[in-house]
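See below for the structure under consideration.
All of the numbers you see were taken from the coordinates with simple rules; none came from a lab. The shown structure was predicted, so the numbers you read here are calculated from the model rather than taken from an experiment. Glycine gets a Cβ as well: all are built from the backbone with ideal geometry, and neighbour counts include every protein chain shown.
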Amino acid sequence: MSLERGIPNYWEWLLGNPVDSRLFYPETWGFLWGALAICFLLLIVAPFLSFVIASFQYGPSEAFYYVSRAMFSAVTEDLPRFSLRRTLAISRLAIQEAIRNRVLIGFVVFVVLLLFAGLFLDVQNSNPARVYLSFVLGTTNYLVLLMALFLSTFSIPNDIKNRTIYTVVTKPIRAGEIVLGRTLGFLAVGTVMLVAMGGISYFFVRAGLSHEHAMTVADLTEETLPNSTIKVRRGQTSFDDHHRHTVEIGADGKGRTSVATAIAAARYR
């Protein structure tokens, strides 16, 4: 479930809680610091894995030479000659390719799942909001992840198979620009899909949880608070949407409503 620990505060989710944040506990870092840590590890792990793979083919000394030369040329040649215009052109081609590969099928699958979700969700759960939010967040995560995985995995191999990659590499463009451009294009497609799924999920959750309860004066009973002379009125709302709420009205005329449900009791009435 996506919300086993409840709905987090946005800034705590993004930056972590500074009070509970600990260096050797990644779950306390927050999304931003975790993403930076992953990028830093990739910068270290990627050259090491390249060295290990090349060592089996060329030997350790030659592998070290090839990896060092590749990293040196990336800094001294690729980076100074980097062109944002060429990279954005590759990104545009990646977006067009994703549309041709029927990437919108994932969006259609998401809509179909929402249409039939009411048949499978536990609407009588004591916390229906958590059930609905966990469903839409989990479904969105899996569909977007699978879509990004298939796009990134089969993109370049399909270009090589269809020989469309040769029309690109023969142009004055560097390999890093091709990889970065395709990555940005796939990120743009995933972002648009994520925003669309988020908008539909909002209306789905809102419609699924929207309901009203009725209550009359006869449903309220006057009680005196323990160790006090203050009198309050308590009562329960009508049983709607598989639950009811307890209402308490203080001496000042202001009321409070509990979110705890009484499903078990209502089932045996």
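Beyond 34 Å, how much of the Cα-Cα pair distribution for the chain remains, as a whole percent?
Values: 17254 of 36046 pairs.
That tail contains 48 percent of the Cα-Cα pairs.
State, as an integer percentage, the relative contact order of the chain based on alpha-carbon contacts under 8 Å between residues 6 or more apart. Intermediate results must be reported in sequence, preceding the final value.
On the way: 229 pairs, mean separation 42.6, N = 269.
Result for the chain is 16 percent.
Can you tell me what percent of all Cα-Cα pairs in segment 22-109 are more than 18 Å apart?
On the way: 2688 of 3828 pairs.
Of the Cα pairs, 70 percent sit more than 18 Å apart.
Close amide H partners of residue 236, meaning residues 5 or more places away or on another chain with modelled amide H under 5 Å apart, are 247. Net charge dipole, segment 82-210: roughly 540 debye, given to the nearest 20, about the Cα centre with Cβ charges of +1 for Lys and Arg and -1 for Asp and Glu. Dividing the convex hull volume of the alpha carbon atoms of segment 51-197 by its residue count gives 177 Å³ per residue. Whole-Hz Karplus values for segment 48-61 come out as 5, 5, 4, 5, 5, 5, 5, 5, 5, 9, 10, x, x, 5 Hz, taken residue by residue from phi with 6.51 cos²θ - 1.76 cosθ + 1.60 and θ = phi - 60°; glycine and proline positions read x.
A P(r) calculated from all alpha carbon pairs of segment 168-226, with 10 Å bins opening at zero, reads 16, 19, 16, 15, 12, 9, 7, 5, 2 percent. Phi angles of segment 36-44 translate, via the Karplus equation with coefficients 6.51, -1.76, 1.60 and θ = phi - 60°, into HN-Hα couplings of 5, 5, 5, 4, 5, 5, 5, 5, 8 Hz per residue; Gly and Pro are given as x.
Per-residue Karplus couplings for segment 181-197, computed as 6.51 cos²θ - 1.76 cosθ + 1.60 with θ equal to phi - 60°, are listed in order as x, 5, 4, 5, x, 5, 5, 5, 4, x, 5, 4, 5, 5, 5, 5, 5 Hz, Gly and Pro entered as x.
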